[in-house]
Amino acid sequence: MVKSGKLRSGTSQKIKRWKKGHSSDSNPETSRYRKAARSRYFSRPLEKSDLTVDALKLHNELQAGSLQKSSDAMQAGDVMEDQALTEKTSGTFLSGLSDCSNLTFRKVQRYWESNSAAHKEICAVLAAVTEVIRSQGGMETETEYFASLMTTLEAVDSSESLAAVAYLLNLVMKRLPAAVLKKKFSDTAKAFMDVMTNQVNSDSSSCLRWIISCLATLLRKQDLSVWSYPSTLQLYHGLLSFTVHSKPKVRKAAQQGVCSVLRYSDFVFSDNAPVHHPAAAATAKFCCKELEQSGGSKEDTTTLHVIGLLKDLLSAFPLSSVKSCCETLLRLMTLSHVLVTANAMQAFHKLFSSKPSPASMSAELNAQIITALYDYVPSENDLQPLLAWLAVMEKAHVHLSSLQSSLSISHLPRLFSVTMSCLLSPHTQVVSTATQTLKTLLNECVAPHMAEISPVLPSTSAGNGACILKMFRIVEEGLSYRFHASWPFVLQILGCFYRAAGRQAHPIMIKSLQSLGDLRATPQFPFSGELDLAVGGAVESMGPEVVLKAVPLLITGTDDDLEFPRSWLIPVIRDHVKNTQLAYFTSYFFPLANNLKQTGDELEQSGQKLMAKVYQTLQMQIWTMLPGFCTKPTDLLASFKGIARSLGMALNDRPDLRLCICQALRTLINKSCDTEEEKAELKRFSKNFLPILFNVYNQQPKPGEMVSARMAVLDTIRVYLSITEQETFSFNVCLSYRVIEEICGGESASCKAFVLQNLEELKTMLMDSLTTAASSSKQPRLKCLIHIVKQLNEEHRGFITALLPEVILCTKEMSIGARKNAYSLLVEIGNAFVRFCGNTKDAINEYLGHVYIGLTGSVTMITCAVLALTRLVFHYKDTIDVSSLELLLQNVCLLLSSRTRDIVKASLGFLKVLLFSLDVKVLASHITMEGISNMNDMRRHFRSKLKSIYTKMIRKFGVELVKSMLPADQHKVLVNIRKTEARNKRRKLVSKTEEDGVLLYLSLCSIEDILAETDSDSDEDEKPRKGQKKPVRKGQAWLKEGISDEPLNFLDPKAAQRVLATNPNLKKASKAEHGFKVTSDGRLIIKEEDDEDDDNTKGGTQSKKNPKRKMRDELDDDMDVEPTMKYKAGGIGIHRPLDRRPEFGTEYKSKKGKGDVKKAGKCDPYAYIPLKKAQLNRRKKAKLQGQFKGMVRGAKKGALSGSRILKKRKHT
């Protein structure tokens, strides 16, 4: 982030700053926009105005109330041309626009600042019309605007004014009531036709464009009966003639108008609407005529324009018209004109994509178009035409399938043949599009109708089955070597074919499955992923039994090929098996898993642990198939009873299989019980599975077992309880409380009935074990009691009263969950008292009376009672009586003088919650400081809590009141609180000021400056400041890598020991520099200052060394410590420094000749350039380029001399 208060160097000269003391001035020195506005509206403009004479004449006539232009008015307008700009007009000619109340023109109101003359003309006309309507007392409705604009349309002559009026009319007519347009149809149509006739040869197209749009809106609002008149059709033909106009905007407006009339006329959406618009046939005839007239000539533009119109209209034509238009398009495609062919293909694609009704496209016509399009198959090298042809054929067959499936399937083999040949194209896009086309045809044309087709056999020769056989043979041919470059796409098509038709046509697919198995066994087959997905599609539709008959698993558990070449089938079946027979798992995979388990145990006993591990892994993979077999099995009623006993035994005896079995049971209950019979079948075995699940859940996991399996058992119990009847539950005290919690909290009727029936036994068990249970067990017990208390009535008041002391004691449990449940149970008991009494205040007073008894007990009981009262006061603060609250506050204040810290701590917590939750007015009449004044011994220990309470009281009541209630020795604390509050307030103010400064700086800087400064400061911000500790993130962990670059084996039992809580690569902090040298064995070398230095400083006299110093010198000589030299070398020759740092790269220099040599175990002797962030600085670009050029120049020079030396050696 950008540092607050810091500006980039050189920024102060670029930005404009306020003078000191003038930062709050509101009026700037420059007022450019005010001057421009003043010069435009309040004085005569200096430049040429956009206010035209025609606009002024129109305005004056509208103000006078006469819209008839006379020769006198024309002459007056010419005379007043020089006096047109008056002060009054300049100030008011847009007043009708700015405050126009009709929402229709909200789009226009944004044009008033535009520099376009057309926009200003629109604003002027709207302002004038609005003023006329207001002068006549109008309400500015759409009808009034329509009448005024139609009158204005007949009055104006200029193209600009006509365009403005037509634009406003186009807006109004869309919101105008249809009854007005129906009543004024003739007059309005005549006015529009006159304007269109006059403007057809005009240079400006704006007027014609908006008039055409108005005419289309007028025709769209008429009733069906109006279209029986010849005049209406003549008017429509006038609109239709502009669809081939030379000007694009006019042509586009006409085409959009024709489409809106044919598709979105009001009567089309009525109850008795006709199938097609009355003008649809005439429109189709017009299009065919225009195509025939211009198609054979070189004028291709008209042809393209008409085809563009047909794209949107073909599906709205009647059947005969669609047929004639399609025939015309097909004839045009014979001309081999690229654009015409492409647009015709787009028209066909739009026709089939819109899914026309049988009244517009019959199945026979659809099939005829498909057959005709085979004559226009592009070459494989024409990329775009071929893609367009494939897209059209795909949509055509999909639509034909929706009309008549059998006819569609009969046409598919030919398309499959052509499309499969496209897989040989060198263009990847063609291959991908062809693959997607075949997959779409299989999913939308074949798969939905396969249930209607009888089983397809290799001998099938007639009907749709024969077509399916031909299609599959064509696709199967893609496995030949001719298509090897497109095998991944062929495998996708095969997998889609398996899913679409595998259930009915699997006899013809056995050979292809065998071929896939052989390909999968090929060494280093590159498309194994696509092949596995294809076989997975076969498993989904055919079932694993059919697939394994074609491609055997080759695993028996005895005398197996130790390579297990078909083991890849196990994960494929596991991921894709569903909707199959559960009996096949029971008959084939279950015995196979047992054999593998037995073989693995025998191998482990004989010492072959590696092979034993392989067999154990295989049998576990087979068990992972079970949830897939339990996903919507087809024979659940007949097969579940055959495997239920085995699953129960495995749950008991095999902890490693519990996850798979529990997932399978949950899948059966959640996804496979579609009928009541299937649900009853699973209910029948609940008396067998639930006791086993209860016992398994109660067992503590052994070392090495996964804890997640226990939670899976609990989830399975919860799911099984949702379908189990109440009679199935047999109450057992040994049940886990977590399980009882699920039963008590169950929403099903059976769970609620079980609780009510066994309520006495549940109460006895929970009450007896609550006091003796461990802290971790109290959490689920209290949760069970919460569910039970919710269902109790007034008959069980004694049970709740007896339960209350134990619940109060649980508020000081070690377990956080137990404490939370205890507080929740206290609230639920209060709700139960409210249910019993009916009156909330009386119920709460009675409840608090029971809790008050705890204040007379032991120290622990008193503490827990205060905590319970704190929670209850917070929850029922709005319903507690004032007298009860005052009594409670007095008792708690008395407890503050206790000598037990736990009691005082709980009492202070009560006061803190009271200050937080109650209103100020209630607190003012009850709060007292007597208890706090009596805290003589405990006041120092709880000074932080007392300070917090004082702070809250000061914020609520003020310093003076609190000061008067406290003893004199506590006044210093209040002074400290006042200073702290003032300091915090100042800090907040400073931080807010800094934020405002940052925002001001950001507003003055460009985004490039901010980003550049952010980049330059990022490294500095990342480093901790001096004296600051580096922030430590909690919850981080590091993984210690293997030794000597060995990969870490996660299957190693000791892998968990490599997860460290501290960074192993973090270097230890270097010790403080003390200035002394250290010997090799760690001893410090401490030298005193030399006397010679002292003598030189004083006068140059020298003294002899004493014996002790001599001994130290000898000791230093023995330690091989270099003496400290006073002389520092410098210069050349004998004065050169001997210990200077050697030049970089000297270790690579050759001792025998010039150049560098390679060293074993070191980097090659090249010029390595360090990559640093500072090198990205643009200011240092030239300097760095010079350095790099020097390096390159030196490298080239060295390479040149080296090559010369090599040449000399070769010659010699």
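Heavy-atom accessible area per residue, the stretch 474-600, 1.4 Å probe: how many Å²?
Per-residue accessible area for the stretch 474-600 comes out at 42 Å².
When only the heavy atoms of the protein chains count and the probe is 1.4 Å, how do Leu637, Leu441 rank by accessible area, highest first?
Final ranking, largest accessible area leading: Leu637, Leu441.
Go through Lys947, Lys992 and list them by solvent-accessible area, largest first, probe radius 1.4 Å.
Lys992, Lys947
Between Phe874 and Ser459, what is the label-point separation in nm under the 7 Å Cα-to-beta-carbon projection?
My value for the distance between the label points is 8.3 nm.
Along the principal axes of its C-alpha atoms, what lengths does the stretch 377-530 span, in descending order and rounded to whole Å?
Its Cα atoms span 43, 37, 22 Å along the three principal axes.
Which of the GluC sites (Glu not before Pro) found in the stretch 531-578 are in a DSSP loop and have at most 12 neighbouring Cβ atoms, other than their own, within 10 Å?
Glu563
For Phe564 and Ser241 in the same chain, what is the full-extension length gain: residue separation times 0.36 nm, less their Cα-Cα distance, in nm?
My answer for the length gained is 108.6 nm.
Can you give me the distance in nm between label points at Asn698 and Ala179, each placed 7 Å from the Cα along the Cα-to-Cβ direction?
In this crude spin-label approximation the distance works out to 8.2 nm.
Please list the non-local residues whose amide H lies under 5 Å from the amide H of Lys1077, H modeled 1.01 Å from N, same-chain partners needing a gap of 5 or more.
Correct list: Ile1085.
Between Lys107 and Lys1077, what is 0.36 nm times their sequence separation minus the Cα-Cα distance? Round to one decimal in nm.
340.6 nm
FRET efficiency for Asp674 and Lys641, Cβ-Cβ distance as r, R0 = 25 Å, nearest 0.05?
Using R0 = 25 Å, I get an efficiency of 0.85.
Rounded to the nearest 0.05, what FRET efficiency do Gln890 and Ser991 give with R0 = 51 Å and r taken as the Cβ-Cβ distance? Could you check?
That pair, Gln890 with Ser991, gives E of 0.70.
Heavy-atom accessible area of Cys1163 with all protein chains present, probe 1.4 Å, nearest 10 Å²?
80 Å²
Could you sort 968-977, 378-387, 517-526 so that the peptide with the highest average Cβ count within 10 Å comes first and the rest follow in order?
378-387, 968-977, 517-526
Report ³J(HN,Hα) in whole Hz for each residue of the stretch 617-622, in order, from the Karplus equation J = 6.51 cos²θ - 1.76 cosθ + 1.60 where θ = phi - 60°; Gly and Pro get x.
With coefficients 6.51, -1.76 and 1.60, one gets 5, 5, 5, 5, 5, 5 Hz.
Place a point 7 Å from the Cα of Asp266 along the Cα-to-Cβ direction; which residues of the stretch 206-230 have their backbone N under 19 Å from it?
Only 213-229 pass the distance filter.
Over 27 Å between Cα atoms: which of Lys174/Lys247; Lys945/Lys979; Lys470/Lys671; Lys778/Lys905; Lys963/Lys985; Lys323/Lys395 fall into that group?
From Lys174/Lys247; Lys945/Lys979; Lys470/Lys671; Lys778/Lys905; Lys963/Lys985; Lys323/Lys395, over 27 Å: Lys470/Lys671.
With a 1.4 Å probe and all protein chains kept in place, how much accessible area does Thr586 have, in Å² rounded to the nearest 10?
Spelled out: Thr586, probe radius 1.4 Å, area about 40 Å².
Report the calculated FRET efficiency for Ile1085 and Lys820 (r = Cβ-Cβ distance, R0 = 51 Å), to the nearest 0.05.
So the FRET efficiency works out to roughly 0.20.
Per residue of the stretch 419-433, what does 6.51 cos²θ - 1.76 cosθ + 1.60 with θ = phi - 60° give for ³J(HN,Hα)? Whole Hz please, x for Gly and Pro, Karplus curve as stated.
Each residue's phi maps through the Karplus curve to give 5, 5, 5, 5, 5, 8, 5, x, 8, 5, 5, 5, 4, 5, 5 Hz.
Output ³J(HN,Hα) for the stretch 1190-1202: one whole-Hz value per residue in order, computed from phi by the Karplus curve 6.51 cos²θ - 1.76 cosθ + 1.60 with θ = phi - 60°, and x for Gly and Pro.
Ordered by residue, 3J(HN,Hα) equals x, 4, 5, 5, x, 5, 5, 5, x, 5, 5, 5, x Hz.
What distance in nm lies between label points placed 7 Å from Cα along the C-beta direction at Lys549 and Lys355?
Once both label points are built, they end up 3.8 nm from each other.
Provide Ile816, Ile510, Ile573 ordered by accessible surface of protein heavy atoms (probe 1.4 Å), highest first.
Ile816, Ile510, Ile573
The values are calculated or read from the model by the stated rules, or taken from the named source; none is laboratory data. Keep in mind the model is a prediction, meaning the values are calculated, not measured. Ideal geometry is used to build each Cβ from the backbone, glycine not excepted, and the neighbour counts take in all protein chains shown. Side chains included, ligands, DNA and RNA excluded: accessible areas come from the protein's heavy atoms. Shrake-Rupley method; radii C 1.70, N 1.55, O 1.52, S 1.80 Å.
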